[in-house]
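What follows is a single structure, written as structure tokens, with notes after it.
Read the figures in this text as sums done on the coordinates, not as results from a lab. It should be emphasised that the depicted structure is a prediction, and the values quoted were computed from it without experimental measurement. Please note: Cβ atoms are built from the backbone with ideal geometry, for glycine as well, and neighbour counts cover all protein chains shown.
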Amino acid sequence: MALPQRAFSNFGQIEKAQQKLSKALESEVKYENENYSQLEDIENFLNESGFQFSESDGGLTMTLKKTIGERAVTVSFDARQPLPDEQPEGAEEDEEYDMPSENYCDFTVFVGDVEGNSGLVVEATTMDTEIAINNVMSSGDLEKAQNTARFERSISEYVGPDFTTLDERIQQSLTEYLEGFGVNEQLAAFVECMSLDKDQRLYMKWLGQVKEFVEA
């Protein structure tokens, strides 16, 4: 049986597509660079809260850290992509349909002794700066917990009950306890905004890397 002729490489087609892709990437890079603006009040939040912010250039995870007395607190969260602009099919006819909030992010709070031997692992979600605690895990090796992915922790260890099932006095007290370490609306706003900002910066870096390869 004869092979289809179009199965073989067509260098002319590749070159034409390469030029087209290069122009599209150049246009997108220009657009993103012109429209990107760094988040405001980053330094104000860090100065007022006492947290130290850290991130790696190409990594997804970011952290906020500080020490209060004998306790060290670390807030860990990841970059996330913005929600798509398109509404679900038929949503325009549904007057009751509400677009989900753009301002949300999952994050983890680690509170422990300064040596990292033991402490609490708090899984939480912020939406429109309102923090919802999902569960609170007690850990005898906080350093190990910090180096273990959230999903792995959830299937290998007891992460505590659903927070909403706890006695209301415990819920309120734990919430106030975390607020004492700076886990509040201001931190929630920072996490929500920075998670999107990080994704935007990673996207812009990706555009540049793809453009550089295509044009090499």
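Around the Cα centre of the chain, unit charges on the Cβ atoms of Lys, Arg, Asp and Glu (plus for the first two, minus for the last two) sum to a dipole of about 1420 debye. Axis of helix 168-180 versus longest Cα principal axis of the chain: the two differ by about 70°, to the nearest ten degrees. Close amide H pairs (under 5 Å, H built 1.01 Å from N) link ASN103 with ASP128, residues at least 5 positions away or on another chain.
Between GLY119, SER195, LEU60, the Cα set farthest toward the positive side of the dipole of the chain (charges on each charged residue's Cβ, about the Cα centre) is that of LEU60. Around the Cα centre of the stretch 160-203, unit charges on the Cβ atoms of Lys, Arg, Asp and Glu (plus for the first two, minus for the last two) sum to a dipole of about 220 debye. Computed over the stretch 137-216, the P(r) curve from all C-alpha pair distances, binned at 10 Å from the origin, holds 13, 23, 35, 16, 9, 3, 0 percent per bin.
What net charge do the residues around GLN38 carry, taking every other residue with its C-beta under 10 Å from that of GLN38, with Lys and Arg at +1 and Asp and Glu at -1? Present the calculation step by step, with values, prior to reporting the outcome.
Values: positive: ARG201; negative: GLU40, ASP197.
Within the 10 Å Cβ shell, the charges total -1.
Rounded to the nearest 10 degrees, the inclination of helix 11-35 to the longest alpha-carbon principal axis of the chain is 40 degrees.
Between the alpha-carbon centres of the stretch 22-44 and the stretch 97-169 there is a gap of 33 Å. Toward the positive end of the charge dipole of the chain, with +1 on the Cβ of Lys and Arg and -1 on the Cβ of Asp and Glu, the farthest Cα among TYR36, ASN47, GLY182 is that of TYR36.
When only alpha carbons of the stretch 175-216 are considered, Rg and Dmax amount to 17.5, 56 Å. Averaging the sequence gap over all C-alpha pairs within less than 8 Å and six or more residues apart, then dividing by the number of residues, gives the chain a relative contact order of 21 percent.
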